[in-house]
Amino acid sequence: MKIYGNDKNLEFIRKMKQNGHLPHACLFYGEHGSGRKTLANYFAMTVLCTEQNAPCGVCRNCQKILRGVHPDLIPVEHSGKKQGFSVDTVREVCRDAIVAPNDSDRKIYLFSDCDAIGIPAQNTLLKLTEEPPEHVLLLFTAVSKSTFLETMLSRMAQIAVCPCKPEECREALLSHGCTPEEAQSAVQSTGGRNIGFALRWTEDTALQETIRQTAALTSAVAQRNQYEILRILSEFEKDRSRTEEFLHLLMLQFRDACALRSGSSFLTGCDRRSAELLAQMLTASRAVRLCEAVQKASEALHANVSIKLALASLGGSLLLY
């Protein structure tokens, strides 16, 4: 199992196993495509590996995890109206947790993509998270740890999944069957910090267009091109999920412009050229106002405000920055 960009996290996990200080609950958080579930599986493999230098990748337990068939690594199914985890599902996990493991000395439950997990489900999980049976380990993945109640967070180790380097992203894309040309284009078009996102780019023409429009809007804001700003925003008035992704990418572009302005070279956006152009025009107060405007539009969408209204408000803010 090759994991990119997380050497410190991997070493931290290995040392926890070697020192016998494994937590009974752990959260892996980071943006979509960053490798949260891969790192969670690595953690599970480290815990269940039977060799001294865990994870060895070749013992019976490691091989079963790699094939996705280990009976003691249990993925919890999403349930409920929002496809989070219903209270009934959580109660079933709590009942099952009492049962001893099948093949190992540990039983691991994996709650993936917990971004829609509700407060009732978390409250039902509190006791199991605080005082699980000795053989039970709970793993969670989410975009942000703010998804969880403070009472849940206080009961789990928290590991932020790190972005990879562009050269690591290129290597990963090649290992997934991309041609050198495809890998290079994907890295250039996505920033090369998120392998899953770059892989999506190679197959998703709609994403390619969203990235192109994000870069174009960043340039339009830098040039104070009112017509272009409004024209680009109008392209996103019909698809809420696409608009949400567009706003996320735009926020990364604005953050990159701020980073460049302060002399940092660590960028996470999709287009360096337009971020550099914007950085030349920014003051600290303008940078804050731009990010606040995008954040406000994102929150409006999540609150089910009409897309057209949210983008109209954003357009007005971008014209005034």
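The values are calculated or read from the model by the stated rules, or taken from the named source; none is laboratory data. Small disclaimer: the values here were computed from a predicted structure and weren't measured. With ideal geometry, Cβ positions are generated from the backbone for all residues, glycine too; neighbour counts draw on all protein chains shown.
For this structure, a couple of remarks:
- Residue within region 262-281 that is outside any loop (DSSP other than H, G, I, E, B), out of contact with any Ser or Thr (no Cβ under 9 Å at 6 or more places or on another chain) and not aliphatic (A, V, I, L, M) present: yes
- Hey, Thr218 of a type in the set (Ser, Thr, Tyr) and assigned to a helix (DSSP H, G or I) or not: yes
- When the helices (runs of 4 or more DSSP H) confined to region 2-116 are screened for residues that are under 30 Å from His248 (Cβ atoms) and either more than 19 Å from the chain's Cα centre (by Cα) or assigned by TED's automatic domain parsing to the domain that holds Lys127 (or both), those reaching at least 1 such residues are found at 7-19, 36-48, 87-96.
- Residue check: Glu237 meets all listed conditions (1) touching a helix residue (DSSP H, G or I) at 6+ places or on another chain (Cβ under 6 Å); (2) at pLDDT below 95; (3) crowded, with 18+ Cβ neighbours inside 10 Å but one, namely (3).
- Single condition Gln158 does not satisfy, out of (1) buried (at least 18 other Cβ atoms within 10 Å of the Cβ); (2) touching a strand residue (DSSP E or B) at 6+ places or on another chain (Cβ under 9 Å): (1)
- Test: Leu290 is crowded, with 19+ Cβ neighbours inside 10 Å, assigned to a helix (DSSP H, G or I) and in contact (Cβ under 8 Å) with a residue 60 or more places away in the chain: yes
- Number of positions in region 141-194 that are part of a helix (DSSP H, G or I), within 30 Å of Leu125 (Cβ to Cβ) and in contact with a Cys (Cβ under 7 Å, 6 or more places away or on another chain): 1
- Just one of the listed residues (Phe254, Phe246) is within 18 Å of the chain's Cα centre (by Cα), among the aromatic types (Phe, Trp, Tyr) and under 28 Å from Lys296 (Cα atoms), namely Phe246.
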